[in-house]
Structures are given as C-alpha cells and as structure tokens.
Amino acid sequence: TIPSELGNMTQIKVFLLWNNKLTGTIPSELGKLIQMEEFELNMNQLIGTIPSELGNFAKVSWFQLWENSLSGTIPSELGKLTDVIRFELSSNKL
C-alpha cells in the first residue's frame, strides 16, 4: 500500500516504486507532489482508478503506471502533462 502521507513530501522530484508488489489504490494526495519529474509505479498490483490529481505534475517527463490492475478511464487532467516524454499505461484494465 502507498501511504497517502507521502503526498507531504512536496519537494520530491523522483518517485520510483516499481516492481514492489504494492497493492491498493494510488492516493490522490500524491497530486501535491508538483515538483515531480519522474513518476513510476510499474509492475505492482495497484487497483482502482488513476487519480485526476496526478495531472498536477506540471514538470513530469516520465509517467509510468504499466503492468498493474488499474481500471476506469484515463483522466483528462493528464493532458496537462505537457513535458512528458515517456507515458506508459499498458497492461492495465483501462
């Protein structure tokens, strides 16, 4: 499980938690990490929807959530990620 309190680490730029068998949902509080440049939660067992708050990552260049069990629709707010050079959501249930 990803603790929602990690959203208080507001100066963090790189968030890499891939291949850890994490379960549960992605906390919307992570959207407070507006300095984010790399965000990777690949190869876990995350469920639920992608929080629209992740669209607040104005500086992110790598955004990867592939190989989880995320479902629902891709939030339109992710369209605000204009600096992204790698965006991967494959192997989910979107």
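Think of a 1.4 Å ball rolled over the protein heavy atoms: the chain then has 54 Å² of accessible area per residue.
Pairs exceeding a 21 Å alpha-carbon distance, out of K32/K93; K13/K80; K59/K80; K59/K93; K21/K80: K32/K93; K59/K93; K21/K80. A Förster distance of 35 Å, applied to the separation of the beta-carbon atoms of E37 and S76, puts the FRET efficiency at 0.95. Across region 1-61, Cα-Cα distances exceeding 17 Å account for 32% of all pairs.
Contact order, relative form, for the chain: 25 percent (alpha carbon pairs under 8 Å, 6 or more residues apart, mean separation divided by residue count). Computed over the alpha-carbon atoms, region 23-94 gives an Rg to Rh ratio of 0.92, Rh here being the Kirkwood radius from the mean inverse distance. About its Cα centre, the dipole of region 18-88 is roughly 60 debye, where the only charges are +1 on Lys and Arg Cβ and -1 on Asp and Glu Cβ.
The values are calculated or read from the model by the stated rules, or taken from the named source; none is laboratory data. Since this is a predicted model, take the numbers as computed values, not measurements. Neighbour counts are summed over all protein chains in view; Cβ atoms, including those assigned to glycine, are modelled from backbone coordinates with ideal geometry. The accessibility values were calculated without ligands, DNA or RNA, using every heavy atom of the protein model including side chains. Shrake-Rupley method; radii C 1.70, N 1.55, O 1.52, S 1.80 Å.
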